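Okay, structure first, notes after.
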Amino acid sequence: MVLDNHLLRDLTVTEKEQWDEKVKQIAAQHSLRQVFHIEAPIGFLGDPNGFSFFQGEWYLFHQWIPRKTKKKMVYWRGLTSKDLVHWKSLPMTIDPDTKFDSHGAYSGSAWVNQGQLEIFYTGNVRNQENEREAYQIRATMDENGIKKETTPAIMQPPAGYTMNFRDPKVWQYAGKTYAIIGTQTKDKAGRAIIYEASTDLKTWQVKEVLQPFDHDLGYMWECPNFFELDGSQVLIFCPQGTTQKDLEYHTLFPNAFVIGPKWSGDGSEWELKQPKLALVDEGFECYASQIVQAAGRTIIISWMGPSKTPLPTEEFGWSGCLSLPRELSIKDGKLYQKPIQELTSLFGTAQIIDVEHSPSFQASSASQFKVAFKGNGQVLWNIRAEKDNPGLVIKVDLKNQILEVDRQAVFPQVAEGKDGRDTQRRLHFELTDGILELEIWIDHTSFEIFVNQGRSVLSGRLFTTETAQNCNFKVDGNVTVTGEWHEIVK
Ligand code: FRU
């Protein structure tokens, strides 16, 4: 069954709801449906939005196109959770239904203010000439739903910037409220603008512009986050159009970060001093990350997208997923990401990995592996393999401290005719006390690899058969491999 909006357009509301129900049921039972990654029940899932902690619960929204798997007319769909692991759908959505967001309720954020959940997002509009207009809209949420302000808080970008002006991320600092917004200069250079809000949140003034210190980084910045962490300031953003010079793996859709000194908010400009950017995730799909700071924690979640290749689930009525929520920290000037501790509540019984006696075994297609490698040889590790398919191939070279990940066999659709950018990664790692530790989370259609306690992360989608459950280790030379794995049950 292929979802086709053209066919749906002429249906009545009841017929559309019946259709949704049918699609939802097919999707829910599908073998490609994931166990512990957030997916939409139906339709296209995009950027995480409005990640916040309100009245003792986590709130998380995402870009959503209910009846189409291609990105176009976006809504916000919401979820809530007490533990960041078990999520319930919220009945309220943000629909693109006013003259200020008629062509999409684009990305934005949420925060708690005076007992309410405040929301700030971009209303995307195409005017009669099909030109883009961008409005920054405030809304509030309570148990009755989401109420939009009738007039946008920011009607247009400042002079010198194009209508590519979106994705406000709000934070509070020293009693004041700020928003950072991704944008583009009229000369087509990416920037992020910081606004300061009046106490009633009605007026927003430009405070400063974040820009690179020597050369431009791409032509447009999307989805910025600007926050203090462990005594430093971090900017996470999506610079579109960067080159190999700025980012080692020039992914089509980079999601990068820079770490700098604490932002003072006193008007002295914060510069992107780093000559080279680093990727939040060195894998294949990770975009539009959003962070939340609450309950003494900083947690990041990302969209495991976008992809130029249609995802195999699209024909069954849904596509896209979010990454695991990951706890962020900075140690020795380096950014670390670890899967949130609450996820261990999903673990089945621990199973010891005994490579010497059982180098091959069956592991569920939703599993977590934690493995330590010591020595100076090489190990080839296949996960989700089956007889004619090597699965996800991980190569550990301890002597040269190189990790290679190859997903060609488990996502052949991206491999066809491509240059390897979408199928292979190679990264250098440091040994800790002579040991490399890999923590790998596999779900039905995704993987997340945490290297050395989250010092690097590589994640991506994979699409293989339900029966691909072999896990094999092949050791070459002097290496001891120890570890355990857990089935993940929800
Ligand atoms: C990033 C993005 C945002 C925008 C949203 C629209 O993926 O392009 O900049 O707000 O998606 O869905």
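The values are calculated or read from the model by the stated rules, or taken from the named source; none is laboratory data. Only a predicted model underlies this, so the values are computations on that prediction, with no experimental measurement involved. Glycine gets a Cβ as well: all are built from the backbone with ideal geometry, and neighbour counts include every protein chain shown. For accessibility, only protein heavy atoms count, side chains too; no ligands or nucleic acids. Shrake-Rupley method; radii C 1.70, N 1.55, O 1.52, S 1.80 Å.
Would you mind calculating the gained length between GLU196 and GLN453 on full extension (0.36 nm times residue separation, minus the Cα-Cα distance), in nm to one decimal?
Fully extending the segment from GLU196 to GLN453 adds 88.9 nm.
What ratio of Cα Rg to 2.2 N^0.38 Å holds for the stretch 38-113?
Compactness ratio reported: 1.08.
Are there GluC sites (Glu not before Pro) in the stretch 329-412 that DSSP marks as loop and that have at most 11 other Cβ atoms within 10 Å, and which are they?
The qualifying sites are GLU356.
Separation of the stretch 45-60 and the stretch 229-258 by C-alpha centroid, Å?
Cα centroid to Cα centroid, the span is 23 Å.
Determine the shape class of the stretch 116-275: with a ≥ b ≥ c the square roots of the Cα gyration tensor eigenvalues, call it rounded for a/c under 1.5, and otherwise prolate if a/b is greater than b/c, oblate otherwise.
Judged from the Cα gyration tensor, the stretch 116-275 comes out oblate (a/c at least 1.5, b/c at or above a/b).
Based on alpha-carbon centroids, what's the gap between the stretch 307-338 and the stretch 122-179 in Å, whole number please?
Cα centroid to Cα centroid, the span is 25 Å.
Dimensions of the chain along principal axes (Cα, Å, largest first)?
68, 57, 45
For ASP476 and GLU21, calculate 0.36 nm times their separation in residues minus their Cα-Cα distance, and state this gained length in nm to one decimal.
Taking 0.36 nm per residue and subtracting the Cα distance, the gain is 158.6 nm.
Does the stretch 145-184 come out rounded, prolate or oblate by the C-alpha gyration tensor, with a ≥ b ≥ c the root eigenvalues, rounded set by a/c under 1.5 and, if not, prolate when a/b is larger than b/c and oblate if not?
Since a/c reaches 1.5 but b/c is at least a/b, the shape of the stretch 145-184 is classed as oblate.
Would you mind getting me the FRET efficiency between THR203 and GLU315? Use the beta-carbon distance for r and R0 = 51 Å, nearest 0.05.
E between THR203 and GLU315, to the nearest 0.05, is 0.60.
Taking the Cα centre of the stretch 202-275 as origin, sum charge times position over the Cβ atoms of Lys and Arg (+1) and Asp and Glu (-1), and report the length of that vector in debye to the nearest 20.
Computed about the Cα centre, the dipole is about 180 debye.
Hey, how many Å between the Cα centroid of the stretch 430-471 and the Cα centroid of the stretch 88-117?
First find each Cα centre; the distance between them is then 34 Å.
Contact order normalised by length for the chain, with contacts defined as Cα pairs under 8 Å and 6 or more residues apart; what percent is it?
13
Name the shape class, rounded, prolate or oblate, that the alpha-carbon gyration tensor gives for the stretch 116-182, where a ≥ b ≥ c are the square roots of its eigenvalues, rounded holds for a/c under 1.5, and otherwise prolate holds if a/b is larger than b/c and oblate otherwise.
It comes out oblate by the Cα gyration axes.
Kindly give Rg over Rh for the stretch 28-173, based on alpha-carbon atoms, with the Kirkwood expression for the hydrodynamic radius.
For the stretch 28-173, the value is 0.98.
Rounded to the nearest whole Å², what accessible area per residue is found for the chain with the 1.4 Å probe?
Per residue, the chain has an accessible area of 43 Å².
In the structure shown, do any of LYS338/LYS395; LYS176/LYS202; LYS331/LYS399; LYS72/LYS99 have a Cα-Cα gap over 19 Å, and if so which?
With Cα atoms farther than 19 Å apart: LYS338/LYS395; LYS331/LYS399.
Which whole-number value in Å³ per residue fits the convex hull of the alpha carbons of the stretch 93-210?
99
If the stretch 243-383 were replaced by its equivalent ellipsoid, with semi-axes equal to the square roots of 5 times the Cα gyration tensor eigenvalues, what would those be, largest first, whole Å?
Computed over the stretch 243-383, the values are 32, 21, 19 Å.
Run lengths n ≥ 4 of DSSP H only: what is the helix-derived mean residue ellipticity at 222 nm for the chain, with -39500 (n - 2.57) per run over all residues, to the nearest 500?
That comes out to -1500 deg cm²/dmol.
Relative to the longest principal axis of the C-alpha atoms of the chain, give the angle of the C-alpha long axis of helix 13-29, reported between 0 and 90° and rounded to the nearest 10°.
20
Pop a pseudo-label 7 angstrom from the Cα along the beta-carbon direction at both GLN341 and ASN130 and give the gap in nm to one decimal.
Here the modelled spin labels are 5.4 nm apart.
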